[in-house]
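Peer 1: Questions regarding the structure given below will be posed in turn.
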Amino acid sequence: MRSEMMSLALDRLAERRSRNAAEETRRREQAVAACPEIGELLSARQELIYAGIRGLLQGGEQAQSVPEKMAACNARITQLLKAQGLPEDWLEPVYTCPDCRDTGYAGETLKTPCHCLLDLCRTVSADLVDPAGAKEQSFETFDLGIFPDTPLPGLGVSQRGLMERAEQRCRKWAETWPEGQVSTVLLTGASGLGKTFLLHAMARTLILRGKDTVLLSAYQFIETARRFHMSMDGGELDGIMNAEAVLIDDLGSEPMMNNITLVYLYNLVNERQNRGLATVLSTNLTPEELRQQYSERIASRLTDRRQSLVVELVGEDIRRRR
């Protein structure tokens, strides 16, 4: 995901440079059409640049007169632009980011990723979080109105009320972690209650906060673990184990592989808890079903409220209401 993210971010920078180059051409054509002398001066200025380069290479006196001629040429261009009601910088290069000039890398000698490239990476990452064709899944688009507002039997509160509290807890965690927050979150409940939406919204928030975030399904995690188990090439699995935040959807739907599923899931949860790294999981399984399927030591690490935020969702499948 990281390589795809960087590639897409650089593609967007290339598109930005292309748009800006087209804007430079448009401005030049507009200025020259309004005042042909500007076109002559631009050509003369270009020739002065070439003359200066030749003079420096040849070591002649011609290079010494270039700055004065260039200054006079620029002054006349500025004068003509003002006469046409155009800004003084109308013919300057167009950059969206002046710090890196839209290259994505800033610095005189040591080039480092520019803030604009990092912002694009975060934006691209947030876009990649959403499944193809799905509505953007974020806390900003969260709609409580789709949940029933009638009291649930035996609870004295509606599904909408429960979901409102769940959304507030998940949002607070995603917006503030690691400050004052446990590192593990478990979203539990039957199908169609909004767990995946909350998971994706949390992932988007973490990404936009600049956290190194990995989002994948339980099946994808186990498949990654299987490939590592067979080849011992740890690059892909290391990326999951070492990311600041890992969000795994639909725990319980993955295949149970001998010496893989339980071993690697336990290592993921245990190691990341010990290191204080964020791990968010969603599952249709109840706490008791977690114990039966994954053992007590895995279930206890996920459901222990001293080290996990457990968000339990109940109610009817909202997909059946649409």
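Peer 1: Taking the chain, how many lysine pairs are there with alpha carbons less than 24 Å apart, if each pair must be eight or more places apart or span two chains? Don't jump to the answer; show the numbers that get you there.
Peer 2: Working: Lys69/Lys82; Lys111/Lys211; Lys135/Lys172; Lys135/Lys195; Lys135/Lys211; Lys172/Lys195; Lys172/Lys211; Lys195/Lys211.
The number of close lysine pairs in the chain is 8.
Peer 1: Through the Karplus equation 6.51 cos²θ - 1.76 cosθ + 1.60, θ set to phi - 60°, convert the phi angles of the stretch 157-174 into ³J(HN,Hα) values in whole Hz; use x for Gly and Pro.
Peer 2: Karplus values, whole Hz, x for Gly and Pro: 9, 7, 4, 4, x, 5, 5, 4, 5, 4, 4, 5, 5, 5, 4, 4, 4, 5.
Peer 1: For Leu247, enumerate residues with amide H under 5 Å from its amide H, sequence gap 5+ or separate chain, H modeled in the peptide plane.
Peer 2: The list, which skips near neighbours in sequence, is Val214, Leu215, Leu216, Val280.
Peer 1: Here's something else I'd like to know. When only Cα pairs under 8 Å and 6 or more residues apart are kept, what is the percent relative contact order across the stretch 185-322? Before the final figure, lay out the partial values.
Peer 2: Working: 199 pairs, mean separation 55.2, N = 138.
Reported as a whole number, the value is 40 percent.
Peer 1: Quick one: putting +1 on the C-beta of Lys and Arg, -1 on the C-beta of Asp and Glu, what dipole do you get for the stretch 157-315 around its Cα centre, in Debye to the nearest 20? Don't skip to the end; give the middle numbers.
Peer 2: Numbers: 18 positive and 19 negative charges, 91 e Å.
Here the stretch 157-315 has a charge dipole of around 440 debye.
Peer 1: Which listed residue (Gly210, Met241, Ser191) has the Cα farthest towards the positive end of the charge dipole for the chain, taking +1 on Lys and Arg C-beta and -1 on Asp and Glu C-beta about the Cα centre?
Peer 2: Result: Ser191.
Peer 1: While we're here: Quick check on the exposure proxy: order Trp173, Trp90 from fewest to most C-beta atoms within 10 angstrom.
Peer 2: Numbers: Trp173 22, Trp90 19.
Taking fewest neighbouring Cβ atoms as first place, the list is Trp90, Trp173.
Peer 1: Which residue fluctuates most in the GNM of the chain (Cα springs below 10 Å): Arg227, Arg28, Arg45?
Peer 2: Arg45
Peer 1: Using a 10 angstrom cutoff on alpha carbons, build the Gaussian network for the chain and name the most mobile of Ser282, Ser158, Ser43.
Peer 2: Result for the chain, Cα springs under 10 Å: Ser43 fluctuates most.
Peer 1: Over the chain, what is the mean sequence separation of C-alpha contacts under 8 Å (at least six apart), divided by residue count, expressed as relative contact order in percent?
Peer 2: RCO, the chain: 17 percent.
Peer 1: With springs only between Cα atoms under 10 Å, which of Asp249, Asp238, Asp89 fluctuates most in a Gaussian network model of the chain?
Peer 2: Evaluated over the chain, the most mobile residue of the options is Asp89.
Peer 1: For the chain, with the dipole built from +1 on Lys and Arg beta-carbon atoms and -1 on Asp and Glu ones, taken about the Cα centre, which of Leu268, Gln181, Ala75 lies farthest toward the positive end?
Peer 2: Gln181
Peer 1: Checking the a/c ratio against 1.5 first, then a/b against b/c, what shape does the Cα gyration tensor give for the stretch 221-273? Present the calculation step by step, with values, prior to reporting the outcome.
Peer 2: Values: a/c = 1.57, a/b = 1.07, b/c = 1.47.
Taking the square roots of the gyration eigenvalues as a ≥ b ≥ c, the stretch 221-273 is oblate.
Peer 1: If you find the alpha carbon centre of the stretch 161-188 and of the stretch 214-288, how far apart are they in angstrom?
Peer 2: 20 Å
Peer 1: Mind putting a number on the dipole of the chain about its Cα centre? Charges go on the C-beta only, +1 for Lys and Arg and -1 for Asp and Glu, and I need it in Debye to the nearest 20. Mind showing how you got there, number by number?
Peer 2: Working: 39 positive and 45 negative charges, 85 e Å.
It comes to approximately 400 debye.
Since every read-out is calculated from the coordinates, none of them should be taken as a lab result. For clarity, every value in this text was computed on a predicted model and none was experimentally measured. Note that each Cβ is placed from the backbone with ideal geometry, even for glycine, and that neighbours are counted across all protein chains shown.
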